[in-house]
1. Tell me which residues come under 5 Å, amide H to amide H, from T124 once H is placed; ignore anything under 5 positions away on its chain.
2. If the convex hull of the alpha-carbon atoms of the stretch 27-148 is projected onto planes in all directions, what is the mean projected area in square nanometres?
3. Trypsin sites (Lys or Arg not before Pro), restricted to the stretch 81-112: which are DSSP loop and have at most 14 other Cβ atoms within 10 Å?
4. Give me D83, D54, D32 ranked fewest to most by other Cβ atoms within 10 Å of their Cβ, as a rough exposure proxy.
5. Points 7 angstrom from Cα along the Cβ direction at S145 and A67: gap in nanometres?
6. Can you tell me, using C-alpha contacts under 8 Å and at least 6 residues apart, the relative contact order of the chain as a whole percent?
7. How many angstrom lie between the C-alpha centres of the stretch 1-46 and the stretch 72-106?
Amino acid sequence: MASRISVLTRAKTALEDITNRVGEAVRRSGVDEGICHIYVPHTTAGVTINEHADPDVGRDILAKLEALVPARGNYRHVEGNADGHIKASLVGSSQAVPVEKGRLALGRWQGIFLCEFDGPRDRTVVVQVIPSAATRASQLLERESGQP
């Protein structure tokens, strides 16, 4: 089952911490063991996993991406957001996180971030929680036996 999270970004470029909202989607799914797939269906936004304890890490990431792909450049795309498309391609549009004991199995300092490169905008994040094969087999056995 997939759920959608709406994220209103606040700036032209930003890393918006969505860890808690993705974690809530995992809890609502009822999946105890499996994988959480996070997908951003936009061409000028992406998703990454990195440190969320120190906001300077995010600032450093955005600064380095801007240095690599400046907003003002010799781009052929005429809409004025070519840098956003390139940055989104570098970051990527999806991530996968294991689910253990009904929770995201992130490291102590890790967080999940929507990466905005052409904001501010209202963005969508698709979260799909997929049970492990063992969990699916157990659910099938329970259904067949008529026991929860």
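1. Amide H neighbours of T124: V7.
2. Average of the hull's projected areas for the stretch 27-148 equals 9.7 nm².
3. On the way: sites: K87, K101, R103, R108; in loops: K101, R108.
Counting only loop positions with at most 14 other Cβ atoms within 10 Å, the trypsin sites (Lys or Arg not before Pro) in the stretch 81-112 are K101, R108.
4. Values: D83 23, D54 10, D32 16.
Fewest-to-most Cβ neighbours within 10 Å comes out as D54, D32, D83.
5. That separation, rounded to one decimal, is 5.9 nm.
6. Taking the mean separation of contacting Cα pairs over the length of the chain, I get 48 percent.
7. 13 Å
The numbers here are math on the coordinates, done by the rules we state, and not lab data. Worth saying up front: this structure is predicted, and the values here are computed from it rather than measured. For neighbour counting, all protein chains shown are included, and Cβ atoms are generated from backbone atoms with ideal geometry for every residue, glycine included.
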